[in-house]
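Undergrad: Dropping a structure here in structure tokens format, bear with me for questions.
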Amino acid sequence: MKTIKICQNPDCGKIINDYKSSKKKYCDDYCRNHSGHIRRKEENKFFTTYFNGQKKNYEILKLYNDCGIYEESLIKLQKFGFDSKYLPEQRVFEDNGSTYVVYTIKDITFSLYKSDNIKIFKNNP
């Protein structure tokens, strides 16, 4: 007598009656693929959240850049949804004895200075 198996897809849970192998976990290909999709989505949740945050930051900075506003208060940007925890990797430059920390998202280069202001650098096409 065969043991009763239940589909491992979290959205299904049907009983699998007709199976040839004891290794069968899903009732059909849809459930197998959907379960894999859910698992991968959960595994990549951190990266998805991080890149969505960077995308939002980019959209805000791009709006300011396109309007010709190159310096703004960090608090004002945060009111529009800018989140400093989604900053990309920083790069450090030295120029005439001064050290600059800059960030680049796509084509926007910017710097945090005085700990509460952002300066967007003009890009030369």
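Undergrad: Quick test of your reading of the structure: residue 26 fulfils all but one of (1) farther than 30 Å from residue 2 by Cβ; (2) in a loop (DSSP other than H, G, I, E, B). Name the failing condition by number.
TA: In the conditions (1) farther than 30 Å from residue 2 by Cβ; (2) in a loop (DSSP other than H, G, I, E, B), residue 26 misses (1) alone.
Per-residue answers, yes or no, for (1) closer than 24 Å to residue 105 by Cα; (2) surrounded by 11 or more Cβ atoms within 10 Å (Cβ to Cβ):
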residue: 15; (1), (2): no, no
residue: 22; (1), (2): no, no
residue: 26; (1), (2): no, yes
residue: 44; (1), (2): yes, yes
residue: 53; (1), (2): yes, yes
residue: 67; (1), (2): yes, no
residue: 72; (1), (2): yes, yes
residue: 79; (1), (2): yes, no
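Undergrad: Can I ask one more? Quick check on this structure: which one of 93, 110 is among the aromatic types (Phe, Trp, Tyr), assigned by TED's automatic domain parsing to the domain that holds residue 58, at pLDDT 90 or above and assigned to a strand (DSSP E or B)?
TA: After applying the criteria, what remains is 110.
Undergrad: Test residue 103 against the stated conditions and say whether it is closer than 25 Å to residue 49 by Cα and in a strand (DSSP E or B).
TA: For residue 103, the condition - closer than 25 Å to residue 49 by Cα and in a strand (DSSP E or B) - is met.
Undergrad: In segment 40-90, which residues are among the hydrophobic types (A, V, I, L, M, F, W, C) and in a helix (DSSP H, G or I)?
TA: Passing the criteria: 46, 47, 51, 60, 61, 63, 67, 74, 75, 77.
Undergrad: In this structure, does residue 35 turn out to be part of a helix (DSSP H, G or I) and small (Gly, Ala, Ser)?
TA: yes
The values are calculated or read from the model by the stated rules, or taken from the named source; none is laboratory data. Worth saying up front: this structure is predicted, and the values here are computed from it rather than measured. Backbone-built Cβ (ideal geometry, glycine too); neighbour counts: all protein chains shown.
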